[in-house]
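The block underneath contains the structure these notes are about, expressed in structure tokens.
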Amino acid sequence: MSTGLNSGPFPTDGTGGLFILIFTILCVLIGGFIIVLIIKGVLQWSANNASPIESLSCKVVARRMHVSGGSGDSSTNTRYYATFEFEDRRRLELRVGRDQFGYIVEGDQGILMYQGTRFKSFTRNLSHLS
């Protein structure tokens with residue numbers, strides 16, 4: 001006959017403390033990870049806002065998409081990137097919006113406007129096409 005002392009999902013013979021300790025450690029680690037991500041995002045946003053808006057002549061040397069998710073019933077998330085090469089051979093990869101991504105073609109030359117790591121616009125120079 002059961003006395004009810006050991007009923008339920010958690011043992012009451014002293015090992016319940018170990019479960020609580022592990023659960024607490026996991027919660028602190030996950031919470032800390034989320035806080036670090038938030039702080040990194042705020043610092044990047046602040047650095048971008050403090051950066052000057054630059055307009056430089058460049059060439060598009062690469063484009064890529066990063067697709068995540070989509071397993072089972074979950075939806076996908078697609079991020080779009082373009083790599084620009086400046087006249088001094090320095091390269092910069094920026095995340096661009098889906099609508100701009102369709103207008104940027106590898107080999108295009110033009111003026112890139114950006115602020116820190118934030119893509120603003122790319123205006124093609126049509127004179128190199130003729």
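The C-beta contact set for region 55-70 (first residue surrounded by fewer than 11 Cβ atoms within 10 Å (Cβ to Cβ), second residue part of a strand (DSSP E or B) and acidic (Asp, Glu), distance under 9 angstrom, 6+ apart or interchain) is empty. Number of residues in region 101-130 that are loosely packed, with under 14 Cβ neighbours inside 10 Å, assigned to a loop (DSSP other than H, G, I, E, B) and in contact with a strand residue (DSSP E or B) (Cβ under 7 Å, 6 or more places away or on another chain): the value is 4.
Being of a type in the set (Lys, Arg) and touching a residue at least 40 places away in the same chain (Cβ under 8 Å) is the filter here, so list the residues in region 93-130 that pass it.
Those that are of a type in the set (Lys, Arg) and touching a residue at least 40 places away in the same chain (Cβ under 8 Å): ARG118, LYS120.
Restricting to region 83-108, name every residue that is closer than 18 Å to THR123 by Cβ and in contact with an Asp or Glu (Cβ under 7 Å, 6 or more places away or on another chain). Across region 83-108, the qualifying residue is only THR83. Scanning for something modelled with pLDDT under 95, of a type in the set (Asp, Glu) and either outside the structural domain of ASP108 (by TED's automatic domain parsing) or in a strand (DSSP E or B) (or both), does region 39-61 turn up at least one residue? The answer is yes, given that some residue of region 39-61 is modelled with pLDDT under 95, of a type in the set (Asp, Glu) and either outside the structural domain of ASP108 (by TED's automatic domain parsing) or in a strand (DSSP E or B) (or both).
The values are calculated or read from the model by the stated rules, or taken from the named source; none is laboratory data. This one's a predicted model, so the numbers in the text were calculated from it and none came from an experiment. As a convention, Cβ positions derive from the backbone with ideal geometry for all residues, glycine included, and neighbour counts pool all protein chains shown.
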